[in-house]
Each structure stands twice: as structure tokens, then as C-alpha cells.
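Below is one structure, written out as C-alpha cells; the observations come after it.
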Amino acid sequence: MLRLLFEKKGRAVWISHLDLMRLFQRAFKRAELPLTHTQGFNPRPSVSIALPLSVGVESSCELLDFTLEGAEVPCQEICRRLNEKLVEGIRVLQVYEDGRKLKDLRLLSCRVTLEYDNGVPSGAPEAVSALFARQELLVEKRTKNNGMKEQNIIPMIRSLQVEAGEKHLVLNALVYCQNPTLNPALLVSAIEGYLPELTPSFSHCARLEIYDEQEQVFR
Amino acid sequence: MTDLLQRILPTVQKPARYTGGEYNEIQKDPAQVRVDVAFCFPDTYEIGMSNVGMRILYGVMNEMDGVWCQRVFAPWGDMEEAMRRQDIPLWALESGKAVKDFDMIAFTIGYEMCYTNILNMLNLAGVPLYARERKGLNQMVFAGGVCTFNPEPLADFIDFFSLGEGEESTVEIVSLYDRAKAEGWSKETFLLEASKIPGVYVPSFYAHKYNPDGTLAEIVPLHGAPRTVTKRIVEDLDKAYYPTKMIVASTEIVHDRANLELFRGCVRGCRFCQAGFSCRPVRKKSPEVLYRQAVETLEDSGHNEITLSSLSTSDYRGLKELTDEMLSYCVDNRINLSVPSLRADNFSRELMMKLRTQRKSGLTFAPEAGTQRLRDVINKNLTEEEILTTCANAFSGGWDHVKLYFMLGLPTETDEDVLGIAELVHKVILTWKEHASNKKRGLRVHVATAYFVPKPHTPFQWEKQITPEEYLRRCHLLKDHFYSKSVEYNYHTPDISRLEAVTARGDRRLGPVIAEAARNGAKLDGWDEYFNYQIWMDAFKACGVDPDYYTIRGFGEDELLPWDPIDVGVGKKFLLRERKRAYEGIITPDCRHGCSGCGANGLLQEVECDA
């Protein structure tokens with residue numbers, strides 16, 4: 001099995017997870033890199049993406065696992081050939097063997113930007129820092145069967161810094177991304193729920209880097 | 001992409017359809033572009049991106065030096081709402097440039113129920129709806145596609161129509177525009193010169209006069225415009241432009257696969273079918289060219305499925321040669337080959353078995369009518385025996401799902417014909433009982449009936465449509481005669497088909513109705529989520545137009561028809577002869593059994609009709 005690290009930026013951030021899988025399957029085909037297929041009644045090309053990314057979120061640390069059929073192709077060449085056949089915004093950064101076991105992937109460094117069209121309200125950075133210093137922050141989360149569930153997000157945040165600009169606040173956070181998983185968008189939900197006066201005009205997230213439990217970069 | 005759009009995208013469904021940036025999208029340096037064309041598809045991205053005609057013409061125009069053709073689709077309701085709220089005019093995907101700033105605005109029209117989308121898109125773009133309101137050379141709106149064989153309902157809005165196949169004429173049109181722009185022509189001068197291009201119909205160059213009873217009295221050509229405009233065709237499809245570098249959508253579309261046309265035209269002559277007559281004469285592509293284009297397209301796009309399309313695939317002479325070659329390529333490369341529109345003959349049965357991959361698709365027949373008598377009337381040469389033999393074969397091969405499509409309201413139809421459908425379905429069930437290889441899984445028979453819509457340029461172009469009430473009576477009659485639990489019966493609601501009948505055979509008096517409906521919010525009429533019959537009924541009332549005039553009245557054989565100035569190659573005399581034979585219940589054998597003299601071969605100069 002091989003693994004590739006890729007980024008998803010610009011217009012490509014609007015491509016959904018399932019569409020992205022299809023897009024990669026086609027890119028492999030165009031690059032004449034035949035993927036192995038799953039066994040069974042309905043064989044599918046064997047590609048899997050480690051942590052599905054929400055639509056609209058940019059990332060520079062996505063992992064995709066795949067296996068090729070036929071003669072071995074050097075990793076660098078796979079990288080080059082794929083990049084020639086991908087769309088704007090999706091770029092393979094690295095292809096390598098012996099990727100670590102995905103269950104060791106635990107932490108995600110992310111940047112959440114809150115935009116305030118009329119300027120950042122005064123005292124906002126302090127208020128937000130204080131909010132995330134609490135012992136408990138209950139935020140509603142959509143469950144798999146489409147219900148809502150309250151969840152304390154504090155244990156899932158390892159660290160969080162607030163940076164203030166004139167018209168935006170940036171949260172640089174290190175959060176758990178597997179067992180349990182915190183969707184960084186919930187950080188915004190927490191602010192909106194507890195500090196409604198700090199509800200931003202618009203917010204967006206970016207994934208920056210992934211780590212294991214010991215905060216070593218995960219590959 | 002603007003910040004505003006960035007903020008809207010997270011709030012709408014399927015945002016990837018509004019961003020562009022797909023594989024093989026054409027980007028050009030604006031400084032090198034002399035003419036830009038906003039190519040609008042009057043329906044959503046998923047539908048438009050599946051359209052082969054648009055794919056071809058996008059390539060044709062972008063092959064031209066100094067021309068940049070960009071795509072525009074109708075936004076879904078949530079996006080439209082956001083655009084209107086934020087004052088964002090409709091834009092083209094490639095550059096994000098507003099449609100109103102384009103030189104030319106083109107529409108491809110394949111379905112009557114998208115007429116309101118055309119107006120809604122122009123309105124969203126901030127382009128004046130009426131041709132007469134657009135005074136300059138810019139914002140030149142033109143349209144093509146199968147619906148434009150009766151262009152009159154849209155005559156008020158479209159500056160000119162490009163009739164027939166556009167591979168060659170589009171180049172001539174855009175080149176003329178290039179010259180007009182360089183030399184600073186007026187819009188009038190351009191239209192006058194454009195009307196000299198074969199296949200170009202400028203509606204403002206024709207005055208329509210009516211009789212006191214409301215029928216058309218006269219169509220007077222003005223400014224030296226030709227009395228009839230003949231559609232364009234490409235004679236040699238092997239040499240015609242075909243884009244093997246297709247745009248690959250980054251999000252799922254309706255037909256998410258490569259697509260190849262085997263041939264154009266049809267030898268069958270089913271008397272209700274507009275495509276069957278208006279796409280003649282028959283011209284084929286050679287298996288070698290098709291195979292080469294298939295491989296090129298698949299390798300370039302990375303698609304894992306390809307469709308061989310045509311109006312009647314079994315009538316393609318090179319089918320065995322092509323499918324043999326294609327199958328071995330497709331198996332080696334894990335590609336799904338799909339071959340729709342097969343007839344129920346022996347070769348097709350064998351092919352069907354060969355094509356059968358992991359996923360067993362259903363078996364679909366379109367007998368259209370329930371009795372042999374009525375099938376003879378409509379010249380649908382599909383016999384009960386062919387249907388049952390194919391079913392028997394399929395059932396013993398493990399198939400357990402059949403779809404059967406019919407029409408109700410066909411000329412001369414009686415209750416006996418309606419009940420003939422139930423009888424045929426019953427025989428299909430008996431066949432399954434006799435031949436099924438695994439009865440435990442049960443059988444599913446889907447039966448669907450559509451409300452017959454008479455279409456221009458067919459032998460039934462003069463026919464009455466039955467009333468919606470009578471149509472529903474026949475549906476209920478049929479429904480009461482299905483006794484088996486295996487049968488699932490669906491019938492189309494009559495509303496859309498009634499409107500289709502109005503717009504398909506409409507004249508210029510429909511322009512205000514369409515404008516009024518669009519103004520009151522009619523859009524995406526082909527979608528259940530949006531279709532609103534009442535808006536249309538109110539619009540007819542407000543404009544003093546009676547829809548029955550176009551539907552249940554029927555047109556007289558000696559009446560001047562709105563689409564008479566449009567020549568699709570098949571002559572009116574032939575259509576009348578076919579109509580007479582229909583009423584006599586006489587079939588006309590397909591063209592391969594002897595030319596029936598439709599006249600379409602008159603369009604050919606270099607090659608022979610391949611019928």
C-alpha cells in the first residue's frame with residue numbers, strides 16, 4: 001500500500017468527499033496508474049482518504065491510501081504523473097511507502113478564521129480565550145442518525161490560541177481528530193452559543209497539519 | 001472567485017457546480033480574445049454537463065482563434081435566491097465574467113419546458129429579455145437545438161436561431177460576428193448578413209399575420225430573408241469535429257461518463273417521434289473512427305464508463321465489429337460499456353448477454369401502444385412476439401425486472417388499445433412464470449404511460465391532443481386492469497404534457513405568455529420541486545391565450561403552420577402521406593427495406609443517405 005499527502009485549496013475546496021474519491025480514481029486512470037480493485041460483488045478502485053474533509057474547508061495535510069496494480073512505479077514519478085492530471089487546487093505533495101497506521105493519527109492543527117465586517121468587537125479576543133479556558137463547553141452536534149446531541153468539547157481541545165486582526169479573529173487550535181473527533185466548525189458554534197454578541201459575519205476553517213498523540217507530525 | 005461568492009457557497013446545495021475549474025475546462029488569455037460567447041444551458045449544471053451537443057459546440061468554438069466560449073448553467077433555487085439577494089448577476093464558470101458583458105449569448109434548447117429558464121437566466125444576467133430591447137452588437141442572443149425547429153414561441157426573445165447541427169454553422173456565425181465587431185457593424189447589419197448563412201433564421205425578418213379565426217394567414221419574409229430556412233447538417237461524421245478532451249465534472253452529473261454518437265438520423269420512422277424525422281438523413285460514423293475516439297476520450301478523461309448513443313443502436317451497421325473491439329478494450333481497462341436503445345432482435349439479445357456486467361440493469365421496452373393495431377398506426381415496429389421472446393431469454397438468464405413504456409392518447413386509440421397494455425403486461429408475467437431461473441426473487445414490472453404530445457415535423461403534427469380529463473380516464477381504466485402485485489404502474493401527470501403540447505406547436509402569441517409566467521416565478525419547470533401549473537394557467541389568462549387552441553383543437557392540413565418556414569429535410573407531402581397511412585393502419589417499413597422518399601437525402605451532396 002502507498003500513501004499520498006495532498007492539499008485541497010482554492011476552488012477545489014467545494015468538491016465533496018465522495019466526489020473527491022471519484023476525482024482521484026479518474027486522475028489515477030488518466031495518469032495510467034491502475035488502481036487495484038476491491039474484491040466482491042461490486043469491485044471498486046481501492047482508494048481511501050483518511051479524514052473526510054467538510055465541503056468548503058481547505059487543507060494542506062490530506063492523506064490518501066491506494067494500491068497500484070502491475071509494475072512498480074517510483075513514488076516521485078507517481079507524484080509527478082498525478083499532478084499533471086489533477087484539477088486546479090488539488091496537488092499531491094508527497095507519495096511514500098510505509099505510512100503509519102491510521103489509528104495513531106490523533107491530532108489536527110487547524111486555523112479557524114472569524115470575519116467581522118464591522119471590525120472585531122472590543123474585548124473579543126479576551127472573551128474568546130476565557131471561553132475556551134472553561135472546564136465545560138456544551139455544543140450541539142449532529143449525530144449519525146440526524147438527531148442532535150450535546151457534547152462537551154473542552155476535552156477535545158489540546159490547545160487554542162486567539163489572534164486578533166482589525167476585522168478578524170483567528171483561532172489556532174490543536175484538536176482531536178480521531179476517537180474522539182472534533183469538527184473545528186464546532187469552535188465557532190461554541191462562540192455563537194455562549195457569546196452570541198461575537199457571532200461573526202462569516203467564518204471558515206483550514207486544516208494545517210496532523211499529528212500523533214505525542215504531537216509528532218503524522219505521515 | 002469573489003469574497004461574496006465564497007460566503008454564499010457554504011449555504012447552497014452542491015456548491016461545486018458553481019465554481020468551474022474542472023479538468024479540461026478551457027482557459028484563455030482575455031487579451032487574446034476578440035469574441036467571447038456565453039454558452040448557456042437552460043437547466044442545471046448536472047443536466048447541461050451531460051449534454052453531448054453542448055460538449056461538441058464548446059469544443060468547436062474554443063478551437064477558433066480569438067474566440068472564448070464559456071459555460072453558464074441555470075442555478076438551483078437556493079443559489080438564485082442568494083444571487084438576487086446579493087445582487088450578483090449570472091456569471092460564466094470559466095472566467096467568472098458576468099454574462100451581460102459577453103459579446104454573444106448562446107442557448108442550446110432541447111426541451112420545451114426550459115423556455116422559462118431561458119428568460120429567467122437572461123433576467124438573472126441583467127440582460128434585456130426582448131430582442132428589440134437589445135440595441136447594440138453586444139449581448140447578441142442566439143439559440144439552437146431540437147426545439148428550435150419550431151422557434152416561434154421564443155421569437156420575441158432570441159435574435160437569431162441556428163438550425164440543425166452546429167459543427168460548421170457555428171464557426172461561420174462566430175466568424176461573421178468577429179468581423180462585425182472589428183468593423184463596427186450595427187446589430188441590424190449583422191443580422192442581415194447572418195441571415196445569409198444557411199441555417200440561420202432571424203425571426204424579426206418574418207411578419208406573421210393572422211386570420212379572424214386566429215389561424216395563421218401569412219408569414220411574410222422581410223429584408224430579403226429566404227422564404228424557408230433549411231437546417232444544417234454535417235455530411236461526413238468521420239471528418240466532423242469531435243472533442244476527445246471533454247470537461248470532466250468534479251461533482252456527479254446525470255450522465256457521468258464518456259459518450260459517443262454512432263450515427264445521426266433514424267431509419268425507423270415511428271410516426272410520433274420528432275427526432276426520428278427531424279434528425280434525418282442517416283449518417284454514420286465508421287467503427288474505426290469511433291473506436292479511436294472512444295479510446296482517446298477514455299484515456300484523456302479517466303472515465304470508467306462509456307455509452308454508445310444513437311436513436312436506435314441496433315440499426316448501426318458496424319455494431320458487431322465495434323462492440324467486439326470495444327468489449328475487449330473495456331474488459332482490459334475495467335470500463336463499463338453501455339449500449340442503450342437496443343431493439344429486441346437476436347443480435348441485440350446476444351450483445352445484451354455479453355454486456356452483462358456485475359450490475360444487472362433492468363430490461364426496458366418501449367412498445368408505446370398496447371395492441372398491434374395501434375403499433376401499426378404509429379409505425380412502431382415492435383411485435384408482441386419480439387417482446388416476449390426477449391423477456392423469456394432474459395428471465396432464464398436471471399433478469400427479474402422489466403420496464404415497459406407506453407403512450408396514451410395516440411391517434412385512433414380506443415379503450416381496447418388501452419386494455420391491450422394490461423394484456424401485454426399479463427403475458428410478460430406469464431412468460432416469467434414459465435422461464436424464470438429463480439422464482440423466489442419475484443418479478444418486478446414497471447409500467448409507465450405518458451400523455452401523447454404531437455410534435456412539429458412529424459406525421460402527427462396536425463393531431464389533436466386528447467383532453468387531460470380523457471387522459472386521466474384512460475389511466476384509471478388501465479390501472480383497474482392490473483391485477484398482479486408484480487406490476488407497478490406510474491402515469492405522468494397531464495399538466496406538463498399539456499404545456500409541452502402548447503409550446504411545441506406554439507406560435508408567436510406564446511411569447512407574452514412565457515414572459516408572464518417567468519415574471520411570476522415559473523422556472524425549472526422540468527423539476528417537480530419547482531413546476532407550478534397555476535402560474536402558467538394564470539399567464540394564459542392574463543395574455544388572453546387559450547391553450548386548447550394548440551392542444552385539443554388540432555391543426556388543419558391546409559392550415560399554415562408556424563414552423564412551415566423551417567425545412568428539416570423531410571417534406572410536408574411525405575408527412576401527410578404518412579399521416580394517411582397511419583389512419584389506414586398501414587406500416588411504412590424502415591428505410592433499409594427501401595427508401596420511403598422522405599426527402600431528407602436532398603440535404604446531402606457529398607455522401608449518400610446511410611439508411
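The values are calculated or read from the model by the stated rules, or taken from the named source; none is laboratory data. Predicted model only: the values in this text are computed from it and were never measured. All Cβ positions, glycine included, derive from the backbone under ideal geometry; neighbour counts span all protein chains shown. Keep in mind that these areas ignore ligands, DNA and RNA; they rest on the heavy atoms of the full protein, side chains included. Shrake-Rupley method; radii C 1.70, N 1.55, O 1.52, S 1.80 Å.
All but one of (1) modelled with pLDDT of 95 or more; (2) in contact with an Asp or Glu (Cβ under 6 Å, 6 or more places away or on another chain) hold for B:Leu298; which doesn't?
Unmet condition: (2).
Among the residues of the stretch B:359-380, are any part of a helix (DSSP H, G or I) and either among the β-branched types (Val, Ile, Thr) or at positive phi (or both)?
So far as the stretch B:359-380 goes, yes, one or more of its residues are part of a helix (DSSP H, G or I) and either among the β-branched types (Val, Ile, Thr) or at positive phi (or both).
Can you tell me which residue is least open to solvent (accessible area, probe 1.4 Å) among those in the stretch B:283-327 that are of a type in the set (Asp, Glu) and away from chain A (no Cβ under 14 Å)?
It comes out as B:Asp315.
In this structure, does A:Thr67 turn out to be open to solvent by less than 30 Å² (accessible area, probe 1.4 Å) and touching a residue at least 12 places away in the same chain (Cβ under 8 Å)?
So A:Thr67 fails the test.
Just for the stretch B:21-41: of the residues that are open to solvent by 20 Å² or more (accessible area, probe 1.4 Å) and among the acidic types (Asp, Glu), which one is nearest to the other protein chains (Cβ to nearest Cβ)?
Per the criteria, the residue is B:Glu25.
Would you call B:Glu434 charged (D, E, K, R) and crowded, with 22+ Cβ neighbours inside 10 Å?
In short, no.
Within the stretch B:498-519, is there a residue that is open to solvent by 10 Å² or more (accessible area, probe 1.4 Å) and touching a strand residue (DSSP E or B) at 6+ places or on another chain (Cβ under 7 Å)? Let's see the steps before the verdict.
Within the stretch B:498-519, the subset open to solvent by 10 Å² or more (accessible area, probe 1.4 Å) is B:498, B:500, B:508-509, B:512, B:515-516, B:518-519.
Restricting the remaining residues to those that are touching a strand residue (DSSP E or B) at 6+ places or on another chain (Cβ under 7 Å) gives B:508.
Scanning the stretch B:498-519 turns up at least one residue that is open to solvent by 10 Å² or more (accessible area, probe 1.4 Å) and touching a strand residue (DSSP E or B) at 6+ places or on another chain (Cβ under 7 Å).
How many residues are buried (at least 19 other Cβ atoms within 10 Å of the Cβ) and among the polar types (S, T, N, Q) when one looks only at the stretch A:184-219?
1
In the stretch B:412-455, which residues are part of a loop (DSSP other than H, G, I, E, B), modelled with pLDDT under 95 and in contact with a strand residue (DSSP E or B) (Cβ under 9 Å, 6 or more places away or on another chain)?
Across the stretch B:412-455, the qualifying residue is only B:Leu443.
Going through the stretch A:177-216 one residue at a time, which ones are touching a strand residue (DSSP E or B) at 6+ places or on another chain (Cβ under 6 Å) and within 21 Å of A:Leu5 (Cβ to Cβ)?
The answer is A:Cys177, A:Gln178, A:Pro184, A:Cys205, A:Ala206, A:Arg207, A:Leu208, A:Glu209, A:Ile210, A:Tyr211, A:Asp212, A:Glu213.
Determine whether the stretch B:58-73 contains at least one residue that is within 20 Å of the chain's Cα centre (by Cα), more than 14 Å from chain A (Cβ to nearest Cβ), surrounded by fewer than 21 Cβ atoms within 10 Å (Cβ to Cβ) and more than 22 Å from B:Leu524 (Cα to Cα).
yes
Filtering the stretch B:1-11 down to residues that are in a helix (DSSP H, G or I) and open to solvent by 70 Å² or more (accessible area, probe 1.4 Å), which residue is nearest to the other protein chains (Cβ to nearest Cβ)?
B:Pro10
Does the stretch B:564-583 contain any residue that is surrounded by fewer than 20 Cβ atoms within 10 Å (Cβ to Cβ), touching a helix residue (DSSP H, G or I) at 6+ places or on another chain (Cβ under 7 Å) and not in a helix (DSSP H, G or I)?
There is no residue in the stretch B:564-583 that is surrounded by fewer than 20 Cβ atoms within 10 Å (Cβ to Cβ), touching a helix residue (DSSP H, G or I) at 6+ places or on another chain (Cβ under 7 Å) and not in a helix (DSSP H, G or I).
For B:Ile387, only one of the following conditions fails: (1) in contact with a Leu (Cβ under 8 Å, 6 or more places away or on another chain); (2) farther than 19 Å from B:Thr449 by Cα; (3) assigned to a helix (DSSP H, G or I). What is its number?
Failed condition: (2).
Mind checking which pairs have a first residue in the stretch B:278-303 that is more than 27 Å from A:Lys29 (Cα to Cα) and a second that is among the basic types (Lys, Arg) and buried (at least 19 other Cβ atoms within 10 Å of the Cβ), Cβ under 7 Å, 6 or more apart or different chains?
B:Cys279/B:Arg264; B:Arg283/B:Arg264
Need the failing condition index for B:Asp332 against (1) touching a residue at least 12 places away in the same chain (Cβ under 8 Å); (2) at negative phi, just the number.
So the condition that B:Asp332 fails would be (1).
Check whether at least one residue in the stretch B:222-244 is at negative phi and in contact with a His (Cβ under 6 Å, 6 or more places away or on another chain), and report yes or no. Full working, then the answer.
Going through the stretch B:222-244, the residues at negative phi turn out to be B:222, B:225-244.
With in contact with a His (Cβ under 6 Å, 6 or more places away or on another chain) added as a condition, the list becomes none.
No.
Assess whether B:Met353 counts as being aliphatic (A, V, I, L, M) and surrounded by fewer than 16 Cβ atoms within 10 Å (Cβ to Cβ).
yes
Does the stretch B:555-563 contain at least one residue that is among the aliphatic types (A, V, I, L, M) and either free of Cβ contacts under 8 Å to residues at least 24 places away in the same chain or open to solvent by less than 60 Å² (accessible area, probe 1.4 Å) (or both)?
Step one: filter the stretch B:555-563 for residues among the aliphatic types (A, V, I, L, M), giving B:560-561.
With either free of Cβ contacts under 8 Å to residues at least 24 places away in the same chain or open to solvent by less than 60 Å² (accessible area, probe 1.4 Å) (or both) added as a condition, the list becomes B:560-561.
Yes.
Could you tell me which of the residues B:Leu472, B:Leu478, B:Leu524 is open to solvent by less than 20 Å² (accessible area, probe 1.4 Å), more than 19 Å from B:Gln274 (Cβ to Cβ) and part of a helix (DSSP H, G or I)? Even if it seems obvious, please write down each step before you answer.
Details: B:Leu472 fails: open to solvent by less than 20 Å² (accessible area, probe 1.4 Å); B:Leu524 fails: part of a helix (DSSP H, G or I).
After applying the criteria, what remains is B:Leu478.
Looking only at the stretch A:45-64, count how many residues are of a type outside the set (D, E, K, R), in contact (Cβ under 8 Å) with a residue 40 or more places away in the chain and within 14 Å of another protein chain (Cβ to nearest Cβ).
Total meeting the criteria: 5.
At least 1 residues that are in contact with a His (Cβ under 8 Å, 6 or more places away or on another chain) and surrounded by fewer than 23 Cβ atoms within 10 Å (Cβ to Cβ) in each: list the helices (runs of 4 or more DSSP H) lying fully within the stretch B:98-209 that qualify.
B:187-194
Whether any residue in the stretch B:12-20 is outside any helix (DSSP H, G or I), open to solvent by less than 20 Å² (accessible area, probe 1.4 Å), within 10 Å of another protein chain (Cβ to nearest Cβ) and closer than 25 Å to B:Phe142 by Cβ is what I want to check.
So far as the stretch B:12-20 goes, yes, one or more of its residues are outside any helix (DSSP H, G or I), open to solvent by less than 20 Å² (accessible area, probe 1.4 Å), within 10 Å of another protein chain (Cβ to nearest Cβ) and closer than 25 Å to B:Phe142 by Cβ.
Please go through the stretch A:71-90 and give me each residue that is exposed (fewer than 15 other Cβ atoms within 10 Å of the Cβ) and within 12 Å of chain B (Cβ to nearest Cβ), ordered by number.
The answer is A:Glu84, and nothing else.
Take the conditions touching a residue at least 24 places away in the same chain (Cβ under 8 Å) and surrounded by fewer than 19 Cβ atoms within 10 Å (Cβ to Cβ) and apply them to B:Glu488. Does it pass?
Answer is yes for this residue.
For A:Leu93, state whether it is away from chain B (no Cβ under 12 Å), open to solvent by 60 Å² or more (accessible area, probe 1.4 Å) and of a type in the set (A, V, I, L, M, F, W, C).
yes
Keeping to the stretch A:14-44, report how many residues are among the β-branched types (Val, Ile, Thr) and more than 7 Å from chain B (Cβ to nearest Cβ).
2
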